[in-house]
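One structure below.
The values are calculated or read from the model by the stated rules, or taken from the named source; none is laboratory data. Only a predicted model underlies this, so the values are computations on that prediction, with no experimental measurement involved. Using ideal geometry, Cβ is built from the backbone for each residue, glycine included, and neighbour counts are taken over all protein chains shown. The accessibility values were calculated without ligands, DNA or RNA, using every heavy atom of the protein model including side chains. Shrake-Rupley method; radii C 1.70, N 1.55, O 1.52, S 1.80 Å.
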Amino acid sequence: MKLGLVLEGGAMRGLFTAGVLDVLMERGVRFDGIAAVSAGACFGCNYKSGQIGRVIRYNRRFARDARYCSWSSLFRTGDLFNADFCYRELPMELDVFDAAAFKANPAEFHVVVTDCATGKPVYRRLDEADATAFRWIQASASMPVVSRPVAIDGGEYLDGGLSDGIPLAYFEKLGYGRNLVVTTRPRGYRKLPSWKHCLTRPLLLRHPAVYRALRTRHEWYNRTLEYIDARVSAGAAFLLAPEAPLDISRICHDPSRMQAVYDVGRSHAERAMDAITAFLSAPSAE
């Protein structure tokens with residue numbers, strides 16, 4: 001049976017996930033594949049490359065750097081998170097991503113993006129950490145309105161969290177029968193309808209399918225959470241979620257707060273490690 005790791009996004013809430021992943025790497029936990037969305041993809045790729053501590057290190061280092069994330073970047077480049085800095089300069093020069101280790105690790109790495117033309121999810125397996133792979137990761141984390149659509153191979157893509165924010169069902173279809181799911185909202189959370197999507201409509205006139213995805217996001221997201229609960233009850237999934245809402249906004253420039261959320265993830269994973277190990281090693285319940 002293939003073992004999968006499924007990672008939700010959530011912008012800076014993803015530092016919780018980074019803490020979880022570092023503990024898993026330190027304990028030598030291995031998976032056959034990883035399916036990741038948005039910040040989960042940005043941070044989760046370091047699991048395949050085996051770079052313990054890299055995520056919290058570079059986030060703390062560049063927390064207040066306008067090149068990393070700032071309104072000035074949005075006004076100058078069209079991206080709140082500066083694309084050239086985040087997906088070229090940082091991983092290739094400033095805190096080098098280990099592309100050789102990423103390629104050598106046999107675990108599959110899948111990212112989710114949203115097709116701007118249809119509003120539907122697109123799934124992409126990345127085997128090498130080259131410039132094109134970082135474009136797919138960038139697309140998976142490109143939030144609408146504060147990011148430009150990312151053009152790849154004739155298509156335009158945005159945040160995978162708009163269409164499949166926790167791709168457990170997708171991974172099960174690929175044969176991953178036992179999955180550890182890491183979310184950045186507490187267990188029992190449900191997304192409520194929001195009027196805020198109305199504010200984005202004038203800015204998304206070129207992409208009406210993206211607007212429709214935003215408007216209905218709470219519906220499919222809550223169905224996904226219900227599906228995860230059912231799979232947990234069936235013994236096919238193990239859910240790691242924060243015990244309370246994380247004390248961090250989607251955008252954060254405070255290194256100490258980043259560290260605190262990362263530490264929450266570490267603590268949660270350490271406490272759950274025996275249960276995780278038992279789950280991953282247990283015989284199939286189905």
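Can you find a residue that is part of a loop (DSSP other than H, G, I, E, B) and either touching a strand residue (DSSP E or B) at 6+ places or on another chain (Cβ under 7 Å) or open to solvent by 40 Å² or more (accessible area, probe 1.4 Å) (or both) anywhere in segment 85-95?
Going through segment 85-95, the residues part of a loop (DSSP other than H, G, I, E, B) turn out to be 95.
Applying the additional criterion that residues be either touching a strand residue (DSSP E or B) at 6+ places or on another chain (Cβ under 7 Å) or open to solvent by 40 Å² or more (accessible area, probe 1.4 Å) (or both) yields none.
Within segment 85-95, none of the residues are part of a loop (DSSP other than H, G, I, E, B) and either touching a strand residue (DSSP E or B) at 6+ places or on another chain (Cβ under 7 Å) or open to solvent by 40 Å² or more (accessible area, probe 1.4 Å) (or both).
Quickly run through segment 145-162 and pick out the residues that are within 21 Å of Leu80 (Cα to Cα) and assigned to a loop (DSSP other than H, G, I, E, B).
Val145, Val146, Ser147, Arg148, Pro149, listed by residue number.
Can you find a residue in segment 75-82 that is open to solvent by 10 Å² or more (accessible area, probe 1.4 Å), in a strand (DSSP E or B), touching a residue at least 12 places away in the same chain (Cβ under 8 Å) and under 16 Å from Gly9 (Cβ atoms)?
There is at least one residue in segment 75-82 that is open to solvent by 10 Å² or more (accessible area, probe 1.4 Å), in a strand (DSSP E or B), touching a residue at least 12 places away in the same chain (Cβ under 8 Å) and under 16 Å from Gly9 (Cβ atoms).
Sort through Ala35, Ala39 and tell me the only one that's touching a Pro at 6+ places or on another chain (Cβ under 8 Å), closer than 27 Å to Arg148 by Cα and crowded, with 23+ Cβ neighbours inside 10 Å.
Working: Ala39 fails: touching a Pro at 6+ places or on another chain (Cβ under 8 Å).
Of the residues listed, the single one that is touching a Pro at 6+ places or on another chain (Cβ under 8 Å), closer than 27 Å to Arg148 by Cα and crowded, with 23+ Cβ neighbours inside 10 Å is Ala35.
Tell me yes or no: at least one residue of segment 200-211 is assigned to a loop (DSSP other than H, G, I, E, B), open to solvent by 70 Å² or more (accessible area, probe 1.4 Å), more than 18 Å from Ala41 (Cβ to Cβ) and not aliphatic (A, V, I, L, M).
If we filter segment 200-211 for residues that are assigned to a loop (DSSP other than H, G, I, E, B), which is where we start, we get 205-207.
Within this subset, residues satisfying the condition of being open to solvent by 70 Å² or more (accessible area, probe 1.4 Å) are 205-206.
Keeping just the survivors that are more than 18 Å from Ala41 (Cβ to Cβ) gives 205-206.
Next, only the ones that are not aliphatic (A, V, I, L, M) stay: 206.
Yes, the conditions are met somewhere in segment 200-211.
Here are the criteria: (1) out of contact with any strand residue (DSSP E or B) (no Cβ under 8 Å at 6 or more places or on another chain); (2) at pLDDT 95 or above; (3) of a type in the set (D, E, K, R); (4) open to solvent by less than 40 Å² (accessible area, probe 1.4 Å). Tell me which single one Lys48 does not satisfy.
(1)
So which residues in segment 118-144 are open to solvent by 60 Å² or more (accessible area, probe 1.4 Å) and in a loop (DSSP other than H, G, I, E, B)? Let's see the steps before the verdict.
Of segment 118-144, the ones open to solvent by 60 Å² or more (accessible area, probe 1.4 Å) are 118, 120, 123-125, 127-128, 130-132, 135.
Result: Thr118, Lys120, Asp127, Glu128, Asp130.
How many of the residues in segment 254-286 are assigned to a loop (DSSP other than H, G, I, E, B) and either of a type in the set (Phe, Trp, Tyr) or surrounded by 17 or more Cβ atoms within 10 Å (Cβ to Cβ) (or both)? I'd like the intermediate steps shown before the answer.
Filtering segment 254-286 for residues assigned to a loop (DSSP other than H, G, I, E, B) gives 254, 282-286.
This time we only want the ones that are either of a type in the set (Phe, Trp, Tyr) or surrounded by 17 or more Cβ atoms within 10 Å (Cβ to Cβ) (or both), so: none.
Total meeting the criteria: 0.
What are the pairs with Cβ atoms under 8 angstrom where one residue, in segment 165-182, is open to solvent by 10 Å² or more (accessible area, probe 1.4 Å) and the other, located anywhere, is β-branched (Val, Ile, Thr) and in a helix (DSSP H, G or I)? Sequence gap at least six, or different chains.
Ala169/Thr224
Any residue at all in segment 39-54 that is free of Cβ contacts under 8 Å to residues at least 24 places away in the same chain and part of a helix (DSSP H, G or I)? Break it down into steps so the answer makes sense when it comes.
To start, the set of residues in segment 39-54 that are free of Cβ contacts under 8 Å to residues at least 24 places away in the same chain comprises none.
No.
In this structure, is Arg215 under 19 Å from the mean Cα position of the chain (by Cα), open to solvent by 70 Å² or more (accessible area, probe 1.4 Å) and within 25 Å of Glu156 (Cβ to Cβ)? Step through it out loud before you land on a result.
Working: under 19 Å from the mean Cα position of the chain (by Cα): no; open to solvent by 70 Å² or more (accessible area, probe 1.4 Å): yes; within 25 Å of Glu156 (Cβ to Cβ): yes.
No, not satisfied.
Restricting attention to segment 104-117, which residues are surrounded by fewer than 21 Cβ atoms within 10 Å (Cβ to Cβ) and over 19 Å from Val55 (Cα atoms)? Steps first, answer last, please.
Step one: of segment 104-117, the residues surrounded by fewer than 21 Cβ atoms within 10 Å (Cβ to Cβ) are 104-108, 117.
Answer for segment 104-117, where residues must be surrounded by fewer than 21 Cβ atoms within 10 Å (Cβ to Cβ) and over 19 Å from Val55 (Cα atoms): Ala104, Pro106, Ala107, Glu108, Ala117.
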